[in-house]
Structure formats: C-alpha cells, structure tokens
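Below is one structure, written out as structure tokens; the observations come after it.
Read-outs: derived from the displayed coordinates by stated rules, not from any lab. These figures come from a predicted structure and were not determined experimentally. So basically every Cβ, Gly included, is an ideal-geometry build from the backbone, and we count neighbours across all protein chains shown.
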Amino acid sequence: MSQTHYKVTKQQKSEEFRLELLPQQEFDQLTELAALICQAPIAYITLVEGTNLRVKSHIGIRLDALGITDSLCGSLLDQSEQMVIVQDLRENNKLKDHPTVKGDPGLVFYLGVLLKSASGEIFGTLCIMDYLPRQLESIQLQSVEKLASQIVSLIEHGRDKFLLERARHDLQQEHLRLINIIEATEIGTWEWHIKTGEMVYSEGWAAMLGYSLKELGTITRKTRNILLHPDDLKTSEMRLHAYL
C-alpha cells in the first residue's frame with residue numbers, strides 16, 4: 001500500500017454525540033485485540049473532536065490529544081484511503097522529522113486505519129505502532145480492517161443512543177410545556193381515536209360545560225352530542241366530516 005500523506009477533515013455533526021456515552025470497556029477490548037493481532041506493543045483508538053484527535057483507548061504509551069495537523073494520525077489520514085502502512089517512519093520523507101519519530105518515544109512502524117462510516121463520515125483512527133520496522137501478513141491486515149468496522153459500529157451505536165435519549169428528553173419537555181399552556185389558559189381539549197371509537201376529554205373541556213369529568217363519567221360520542229349546543233354540534237359535525 002502507498003505511503004500517503006493523510007489529512008483529516010472536521011468530523012461532520014461532531015456535536016451530535018458525547019464521547020462519555022461510548023462504552024470504555026468495549027473500546028479497551030478492541031484496542032487490546034488490535035495489538036494482539038499485530039503482535040505490537042502500541043495500539044490506540046482516536047476520535048475526532050472538533051479540531052483535535054483525542055485518545056479514546058490505548059495499549060502501551062499514550063500520545064496525548066493533539067491538534068489534527070500536529071498528530072501523527074492527523075498527518076496520515078485522508079478520506080481517499082482506508083488504510084496506510086509505513087514500515088519505517090525514519091525513511092518516510094514527510095514523517096521522519098515528526099517529534100514522535102525523531103525524538104521520544106522513537107516510533108518506527110505505523111499502521112493506521114480510518115474509522116469511516118458507510119456514508120463517508122470520519123470518526124477517527126485505529127493505530128498500531130512499534131519501535132522496530134514491521135511487515136504484517138495479509139491475514140493480519142484483513143483482521144485489523146474488520147476490527148475497524150466493529151469500532152465504527154460501536155461509535156454509531158453510541159451516537160444513536162445519545163440521539164434517542166435527546167429526542168426522548170425533548171419530547172418530554174414539549175409535553176410539559178403543552179400541559180402548562182393548557183392549564184394556564186384553562187382551555188378544553190378532546191381526542192377522538194377513530195379506529196377504537198375512544199374519546200378522551202380534559203377537565204377544562206368538562207368545566208366549560210359546567211361539569212367535572214367525574215360527574216360526566218364515561219363520555220361517548222353520543223354523550224358529547226347531547227352536551228353540545230345544537231348550533232355548535234352542527235358546525236362541529238361539518239368540520240369533522242370535512243376533515244375525514
């Protein structure tokens with residue numbers, strides 16, 4: 001595979017989910033598995049967070065979060081490639097002077113896999129590194145690619161969970177606002193479930209007619225027709241039929 005200079009674009013919809021919602025234990029297990037597959041001392045998963053790549057899980061040394069353009073993964077990422085292998089970073093013209101190669105910890109081998117959804121959204125990287133030059137077998141590379149797919153699925157599941165919880169919270173807040181409006185304005189509401197014939201009325205609706213729901217008991221459509229003024233009933237029926 002070609003030794004391509006990579007660049008990360010800002011993650012689309014980066015504010016849609018929070019990193020803390022993602023299950024740490026599962027990420028740690030996948031990171032450990034990546035290191036075992038490649039028999040490498042260093043492996044980690046990074047996630048794009050704004051303009052930074054943040055380490056979600058790691059085996060071996062931890063490279064602190066850096067700006068995308070400053071990190072080793074950031075310099076190797078590109079949406080046009082799914083995987084990049086550099087057998088000896090010291091011989092790579094673009095990366096040999098990188099601080100993590102030229103200085104401490106003296107990285108030599110690098111394998112980076114883009115964590116990218118089917119729709120093209122970039123989540124981060126799966127990286128495997130070593131202090132010695134390496135040449136991996138085809139079966140190892142295939143296994144790492146499958147592992148990256150699992151990580152993407154894990155991220156998408158975490159995001160979907162967050163979006164579902166946020167939608168549920170927004171719905172609850174909207175419901176509370178509606179209840180407050182109804183109670184403050186003392187308006188009456190009613191619902192008619194056409195398929196079942198069930199009718200549901202609010203206390204405000206009963207109060208407008210001089211009753212309480214308890215006094216009215218079970219309210220059917222016939223009960224409603226009796227309680228309404230004939231003129232109102234005619235208008236109501238016309239509008240109902242026009243809607244249906």
Suppose every Lys and Arg Cβ carries +1 and every Asp and Glu Cβ carries -1, with no other charges. What dipole size does region 128-244 come out with about its Cα centre, to the nearest 20 debye? 260
Listed highest first by mean packing, meaning other Cβ atoms within 10 Å per residue, what order do 202-211, 160-169, 124-133 come in? 124-133, 202-211, 160-169
Determine the sum of side-chain charges near PHE109: Lys and Arg each +1, Asp and Glu each -1, restricted to other residues whose C-beta is under 13 angstrom from that of PHE109. -1
For region 134-148, just list the computed ³J(HN,Hα) in residue order, Karplus coefficients 6.51, -1.76 and 1.60, θ = phi - 60°, integers in Hz, with x standing in for Gly and Pro. 9, 9, 8, 6, 4, 5, 5, 5, 5, 5, 5, 4, 5, 5, 4
A correct Karplus calculation of ³J(HN,Hα) over region 47-54, with 6.51 cos²θ - 1.76 cosθ + 1.60, θ = phi - 60°, whole Hz and x for Gly and Pro, returns 10, 6, 9, x, 9, 10, 9, 9
Note down the nm distance, to one decimal, between modelled labels 7 Å out along Cα→Cβ at THR218 and at GLN29. 5.3
Along each principal axis of its Cα atoms, how long is region 180-243 end to end? Whole angstroms, biggest number first, please. 31, 25, 23
Taking the Cα centre of region 19-163 as origin and charging only Cβ (+1 Lys, Arg; -1 Asp, Glu), how large is the dipole, in debye to the nearest 20? 100
Shape call, region 115-244: gyration tensor on alpha carbons, a/c limit 1.5: prolate
With label points built 7 Å along Cα→Cβ from the Cα atoms of ILE139 and HIS169, find their separation and express it in nm. 4.7
Cα pair distances exceeding 22 angstrom across region 91-168, given as percent: 45
Coarse-grained scattering of region 19-163 at q = 0.19 Å⁻¹, given as base-10 log I(q)/I(0) from a Debye sum over alpha-carbon atoms: -1.16
